[in-house]
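Coordinate-derived values only; no laboratory data. As the structure is a computational prediction, the values presented were derived from the model and not from experiment. Glycine gets a Cβ as well: all are built from the backbone with ideal geometry, and neighbour counts include every protein chain shown.
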Amino acid sequence: MDAIKDKIVVITGASSGLGAETARHLVGNGARVVLGARRVERLEALAAELGIGSQSVFKVDVTDREQVKALIDHAVELHGRIDVLLNNAGLMPQSPLERLKVDEWDRMIDVNLKGVMYGIAAALPHMMKQKSGHIINVSSVAGHKVRPGGVVYSATKHAVRIISEGLRQEVKPYNIRSTIISPGAVATELPDHITEPDVAKGIRDFYEQYAIPADSFARCVLFAMSQPADVDINEILFRPTAQEY
Ligand SMILES: NC(=O)c1ccc[n+]([C@@H]2O[C@H](COP(=O)([O-])OP(=O)(O)OC[C@H]3O[C@@H](n4cnc5c(N)ncnc54)[C@H](OP(=O)(O)O)[C@@H]3O)[C@@H](O)[C@H]2O)c1
């Protein structure tokens, strides 16, 4: 885990779930993290728990390109560089298309897809200049499959995989690594975003039965980060052992 020590890592969606747990693992292994999300009080509580300064906390709405740029620039000003961007912020208000929850479709596209693209746009200029860096984008099992009720979420997560793979090919001249992490059901606040009661119940029941703890994801991030510089882990797809979907 020496490869983690002193790495400068920016995490979006660090206020709960996968992002918060990954921050714990990274700091535990000596990385220096900058935590981004909208619920700044949650970020401050996490920073206090981790014993890191309040300058490591940055309020950001990833649907706002300027705010995402400010987050990345803040990390570079603070630490002199950015080694890893964990593009993790996301939400999953699932529902069948026929219910026309168009505002929620827009929201998923804005956060899950455009938020990731804004992260890339903000980090790339620094990483190109450094001639080093690592962009880790969070997709999903739903980025490999689609099923009724999860169409738009699945579309955003498929798009994240395509963008990541295209990015991987384009950034070869700059020595930048690119990883997609696609989790199955992991116990976080993700099902809480579902507004349709019957859909919410179905997903909650599924998560109660199958979901595994968030350290499963954190260990994947650390695995990808800790490879030698000439090894680029491009995708990790993992599920709870009991999950069929
Ligand atoms: N848990 C799973 O089973 C699972 C499976 C596959 C993929 N994923 C993906 O994993 C990622 C993390 O989700 P999670 O499971 O950890 O869920 P979570 O506990 O709900 O965390 C989501 C995070 O995203 C942030 N976020 C949402 N909208 C945002 C916005 N507009 N600007 C900035 N941050 C925003 C939230 O922070 P604020 O609300 O404080 O802004 C929160 O920190 C997501 O991309 C999700 O799609 C999760």
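Looking across the stretch 186-203, just one residue is within 18 Å of Ser95 (Cβ to Cβ), in contact with a Pro (Cβ under 8 Å, 6 or more places away or on another chain) and within 7 Å of the ligand (Cβ to nearest atom), and that is His193. When the stretch 70-109 is examined, which residues are found to be closer than 20 Å to Pro148 by Cβ and assigned to a loop (DSSP other than H, G, I, E, B)? Result: Leu91, Met92, Pro93, Gln94, Ser95, Pro96, Leu100, Lys101. Taken together, the criteria place Leu43 among residues that are near the ligand (Cβ under 9 Å from one of its atoms) and either over 27 Å from Met108 (Cβ atoms) or aliphatic (A, V, I, L, M) (or both). Within the stretch 153-175, the residues that satisfy the criterion of being closer than 17 Å to Pro191 by Cβ and either crowded, with 23+ Cβ neighbours inside 10 Å or within 14 Å of the chain's Cα centre (by Cα) (or both) are Tyr153, Thr156, Lys157. Give the stretch 1-52 a look and list any residue that's among the acidic types (Asp, Glu) and closer than 20 Å to Ile82 by Cβ, or say none. Listed by number, the residues that qualify are Asp2, Asp6.
Within 16 Å of the ligand (Cβ to nearest atom), of a type in the set (D, E, K, R) and closer than 30 Å to Lys5 by Cβ: is that true of Arg147 in this structure? Considered against the rule, which asks whether it is within 16 Å of the ligand (Cβ to nearest atom), of a type in the set (D, E, K, R) and closer than 30 Å to Lys5 by Cβ, Arg147 comes out as no.
Using the structure shown, decide if Leu78 is under 19 Å from Ala47 (Cα atoms), in contact (Cβ under 8 Å) with a residue 24 or more places away in the chain and within 12 Å of the ligand (Cβ to nearest atom).
Answer is no for this residue.
Does Asp230 satisfy the criteria of being over 16 Å from the mean Cα position of the chain (by Cα), under 27 Å from Ala31 (Cα atoms) and among the acidic types (Asp, Glu)? Yes.
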